[in-house]
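The values are calculated or read from the model by the stated rules, or taken from the named source; none is laboratory data. The shown structure was predicted, so the numbers you read here are calculated from the model rather than taken from an experiment. So basically every Cβ, Gly included, is an ideal-geometry build from the backbone, and we count neighbours across all protein chains shown. Each accessible area value is taken on the protein alone, full model and side chains, heavy atoms only, with ligands, DNA and RNA left out. Shrake-Rupley method; radii C 1.70, N 1.55, O 1.52, S 1.80 Å.
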Amino acid sequence: MMDVGRHPKIELLTNAELEDVSGYVGNFKARIRKKARYVNEAECTACGDCVSVCPVVLPDEYQMGLSSRRAIYIPFPQAVPSAYVVSAEDCLGLNPIACGKCLEACEKQCINFDMKDEHIEVDVGAIIVATGMDVYDPSALDEYGYTRFTNVVTSLEFERLISTGGPLEGHLARPSDLKRPRRIGFVQCVGSRTQDPQRGNPYCSNICCMNTIKDAQYLMDNYPDSDIMVFYIDLRAYGKGFEELLMRTRSRGVRYVRGLPGEVREDASSGNLLVTVENTTDKRIENYEFDMLVLAVGATSAIATESIRQMVSLSKSPDGFLKEAHAKLRPVDTPTKGVFIAGAVESPKDVRQSVTQASAASSRASILLNKGEFSVEAITAVVFDEQCSKCGLCARACPFGAITWQKKQAPKVISAACSGCGCCAAECKYGAIGMRHFSDQAIYAQIDAILEKDPHEKVVTFACNWCSYAGADTAGVSRMEYPPSARIIRTMCSARVNPEFVWYAFQKGAPVVLVSGCHYADCHYIDANRNTVRRVEGLWDGLEKSGIRPQRLLLEWCSAAEGLRWQAIMKETDNKRKTVTREELEQTRTLLAKARVPRPRTDKDINENQEADFVCLRCGHSWAGIFNVETERTCAECKSNSIRWLRKNA
Amino acid sequence: MLTKEDLRIGVFVCDCGSNIAGFVNTETVREFAETLPDVVVSVKNKYTCSDPGQQEIQRTIFEKKLNRIVVASCSPASYEPIFRQCIQGAGLNPYLLEMANLREHCSWVTPDREAATWKAKDILKVAVSRARWLYPQDEEQITVTDAALVIGGGVAGMQAALDLADAGHQVYLVEQKPSIGGIMAQLDKVYPDIECSI
């Protein structure tokens, strides 16, 4: 920590918030608000004279509220920067000055109540997001009695209780009577690994098993007469030296019981905790008494991350943690070029994993910074000014904010920020945006080539580069046989698929068109594929209006790993193809000869939670439910994503 | 911009040993390619990605003055970078390459030889039709400001900032709280060797 504070190349901005990030890879501009500290950071010697005179007493956040601090305080003795700070909300001296005792106490006159927030702008080439995680609040899990019983504490509170820098200076005692607890129980998976959203999160928080094992070892080292029991579902000790530590605690007499307590009661006279648990190894109900109970709380995504995520256009996983560009091959990159992630912001991590990932992220950023220049793959968007109607829809469709547009002006593409997904080109109904290397003409030529001969034998298939095309590759590598009817047109993203392409294919005699892309959580262009859905929905409506079966247009998500799913999609799509007769194809040509290309459903239709009827266009299964734009729709019967939804009572 | 009359497409059909040739009649596919518009030459190789295979592409580009290349072999995910480099070596813009995926998307998933050959011909035809609409592209170079912003001063943010700063880059480390340290600073001991955290 001190190394960071005194490094000549690091400008440390604490008590500071990021307000805005603009620009693109290599050329970001960040606006930071450094909140007034009211203490001169450079001059303060951390003598503490100000603290003793401050009349405001508050719970100390660093000590998890287990001791108190004043309104002027230093977060902890080793804090960097080593300077006091006034918490403006609590101080009596600010607006109007009613107190000011610390001003008098400070001999060096470091305190200044006229200090204002500073706005700082910095130009940077790369950004590393390391906003960490939050700790789960176990108040909702009432059976453990965290809010009711004094001697039930969280693992982080326990950490403060055993710390020499803690409120008890390392002499462990329990909160109710400050007596040393001899019998200590640990409850694992608090707020983790549950399917009930009221009781926490579905994922494993990764760190809690080892943290408890560490605490157990610490107790046996320092208080050998302790009686320690750990209640768990599974013990996950898979890292280097982890299993060995677990074994050491076992050999020292720590008992591990498989099963989580069903009930915790307090003995009112002693403050002891009476725990009832089903021991699932011995298959019996057991009762234990403890002096103190520690809840091994899990990790959650940090609330502070969300605003930063939006500022730099990053995507998140369903669990709320930030999503990497590729789970295996680009684990510290993000979909936004020049932005990297490190530590627990990506998933719950311990210190060692965080440090490893941070070094990886800084190395990735270094590659960019060292080179001094960045070459943009020539697949970016280009605006044809003469065709442009200056409507600005493209700028709204861009997931990366790479298109700037002002009223009555043709938009401009910042190619460094453009990732080449083609979402803007598909949104433009004037053909005023082209994609370099994935031009409209090339795609039309591909459709023509597919349908020139025996169109009834073929399925025009659009596949995105990252997931569905790669899923088809996986099916190939695994030799998963399927009918030979599919003809794939590769695009970078399914959002490149302009409704006009699909319409054109039907006009040219395609029996079935398949649009395929990444699952919602996997979209390589943040959330571009939500636009694919919107456009396909518009096409379904339009097909129906023109008297054509919407079932002939299918939408499927397939990840790069889902070879089996690709095979199933191919088989089902081919079955659908066989249902289309030559007469039907002829009829389609006539019906579509004059029909106009249907436009996507508008934002107004989709930006709300609403009751809706759903129908699977692959198998016909239908159901009622709530429509939400961010929820991937899948048929419970056949696993298809060709789910059409209609507003209830519409 | 090139007009259609100027197009000179070369097609290179790969056997991939028996991976493609075992299921697809590659000679039929090669012959079929010659019938496609603007295709000047169609060559079959045992392994197009091998050194001799790549040399043949480069030689044919010179001899036949080719300006669009279609390689009918495997997935672009595996070999597109290599073939782009290959045609660049012969003086062509790398974006003038198109790949027809006869292996992952055809021979490996279609056991029936006749059906596989039918599909392979079609895939190639689609690739050639796309190649006719490819144009040279230049990659834009963007200058990079030699500084980094690290958001968050926990253990990950501190490590990232230190590494970058040690590598000589200017770093701005932004932390919401009055001190850096994050959750790590609240821990007393850290596993697996029960060391102090700060």
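A few notes on this one:
- Residue in region A:363-385 that is β-branched (Val, Ile, Thr) and touching a Phe, Trp or Tyr at 6+ places or on another chain (Cβ under 8 Å) present: yes
- Answer residue from region A:287-324, given it is acidic (Asp, Glu) and at pLDDT 95 or above and is surrounded by the fewest Cβ atoms within 10 Å (Cβ to Cβ) among those: A:Glu289
- First in region A:267-286 and open to solvent by 50 Å² or more (accessible area, probe 1.4 Å), second anywhere and at pLDDT below 95, Cβ under 8 Å, 6 or more apart: A:Glu278/A:Gly262
- Count of residues meeting criterion [farther than 19 Å from A:Tyr218 by Cβ, more than 33 Å from the chain's Cα centre (by Cα) and hydrophobic (A, V, I, L, M, F, W, C)] in region A:141-194: 2
- Taking residues in region A:441-461 that are of a type in the set (Phe, Trp, Tyr), and partners anywhere that are crowded, with 18+ Cβ neighbours inside 10 Å, the pairs with Cβ atoms closer than 8 Å and at least 6 places apart or on different chains are A:Tyr444/A:Phe501; A:Tyr444/A:Tyr504.
- Out of A:Glu537, A:Glu611, A:Glu544, sole residue that is open to solvent by 20 Å² or more (accessible area, probe 1.4 Å) and assigned to a helix (DSSP H, G or I): A:Glu544
- Residue match in region B:102-112 (condition: in contact with a Pro (Cβ under 9 Å, 6 or more places away or on another chain), open to solvent by 10 Å² or more (accessible area, probe 1.4 Å), facing chain A (nearest Cβ under 8 Å) and not in a helix (DSSP H, G or I)): yes
- Residue ID - surrounded by the most Cβ atoms within 10 Å (Cβ to Cβ), chosen from residues in region B:166-176 that are facing another protein chain (nearest Cβ under 7 Å) and out of contact with any Asp or Glu (no Cβ under 9 Å at 6 or more places or on another chain): B:Glu175
- In region B:135-151, the residues that are farther than 30 Å from A:Glu11 by Cα and at the interface with another protein chain (Cβ under 7 Å from one of its Cβ atoms): B:Gln137, B:Asp138, B:Glu139, B:Glu140
- Test for B:Gly157: is it open to solvent by less than 50 Å² (accessible area, probe 1.4 Å), in contact with an Asp or Glu (Cβ under 8 Å, 6 or more places away or on another chain) and at the interface with chain A (Cβ under 8 Å from one of its Cβ atoms): yes
- Residues of region A:212-226 classified as under 14 Å from A:Leu161 (Cβ atoms) and open to solvent by 10 Å² or more (accessible area, probe 1.4 Å), total: 4
- Any chance A:Ile162 is within 8 Å of another protein chain (Cβ to nearest Cβ), out of contact with any Leu (no Cβ under 6 Å at 6 or more places or on another chain) and over 14 Å from A:Asp291 (Cα atoms): no
- Some residue of region B:68-84 being more than 24 Å from A:Glu377 (Cβ to Cβ) and more than 10 Å from chain A (Cβ to nearest Cβ): no
- Condition met for A:Thr276 (under 16 Å from the mean Cα position of the chain (by Cα) and not in a loop (DSSP other than H, G, I, E, B)): no
- Taking helices (runs of 4 or more DSSP H) as the structural unit, those lying wholly within region B:1-98 and holding at least 3 residues that are open to solvent by less than 70 Å² (accessible area, probe 1.4 Å) and among the hydrophobic types (A, V, I, L, M, F, W, C) correspond to B:26-34, B:76-89.
- Identity of the residue in region A:329-385, more than 7 Å from every other protein chain (Cβ to nearest Cβ) and assigned to a strand (DSSP E or B), that ends up nearest to the chain's Cα centre (by Cα): A:Ile341
- The residues in region A:211-265 that are farther than 16 Å from A:Gly185 by Cα, within 14 Å of chain B (Cβ to nearest Cβ) and of a type in the set (S, T, N, Q) can be counted, and the count is 1.
- Strands (runs of 3 or more DSSP E) wholly inside region A:74-154 containing at least 1 residues that are within 9 Å of another protein chain (Cβ to nearest Cβ) and open to solvent by less than 50 Å² (accessible area, probe 1.4 Å): A:118-124, A:126-129, A:133-135
For every residue, the table says whether it meets (1) part of a helix (DSSP H, G or I); (2) surrounded by fewer than 19 Cβ atoms within 10 Å (Cβ to Cβ); (3) not assigned by TED's automatic domain parsing to the domain that holds A:Cys467.
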{"position": "A:Ile488", "(1), (2), (3)": "no, no, no"}
{"position": "A:Phe501", "(1), (2), (3)": "yes, no, no"}
{"position": "A:Val515", "(1), (2), (3)": "no, no, no"}
{"position": "A:Ala521", "(1), (2), (3)": "yes, yes, no"}
{"position": "A:Thr532", "(1), (2), (3)": "yes, no, no"}
{"position": "A:Gln551", "(1), (2), (3)": "yes, no, no"}
{"position": "A:Ala561", "(1), (2), (3)": "no, yes, no"}
{"position": "A:Lys571", "(1), (2), (3)": "yes, yes, no"}
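- Near pairs, Cβ below 7 angstrom, 6+ apart or cross-chain, from region B:118-130 (at the interface with chain A (Cβ under 7 Å from one of its Cβ atoms) and more than 12 Å from B:Ser73 (Cα to Cα)) to any residue that is among the small types (Gly, Ala, Ser) and assigned to a helix (DSSP H, G or I): B:Lys125/A:Ala449; B:Val126/A:Ala449; B:Ser129/A:Ala445; B:Ser129/A:Ala449; B:Arg130/A:Ala442; B:Arg130/A:Ala445
- Checked against (1) assigned to a helix (DSSP H, G or I); (2) buried (at least 20 other Cβ atoms within 10 Å of the Cβ); (3) of a type in the set (A, V, I, L, M, F, W, C), B:Ala115 passes all but condition (2).
- The residue of region A:43-64 that is nearest to A:Val4 (Cα to Cα), among those that are touching a helix residue (DSSP H, G or I) at 6+ places or on another chain (Cβ under 8 Å) and not hydrophobic (A, V, I, L, M, F, W, C), is A:Tyr62.
- Flag for A:Gly422 being surrounded by 22 or more Cβ atoms within 10 Å (Cβ to Cβ), in contact with a Cys (Cβ under 8 Å, 6 or more places away or on another chain), more than 22 Å from A:Arg534 (Cα to Cα) and more than 10 Å from chain B (Cβ to nearest Cβ): no
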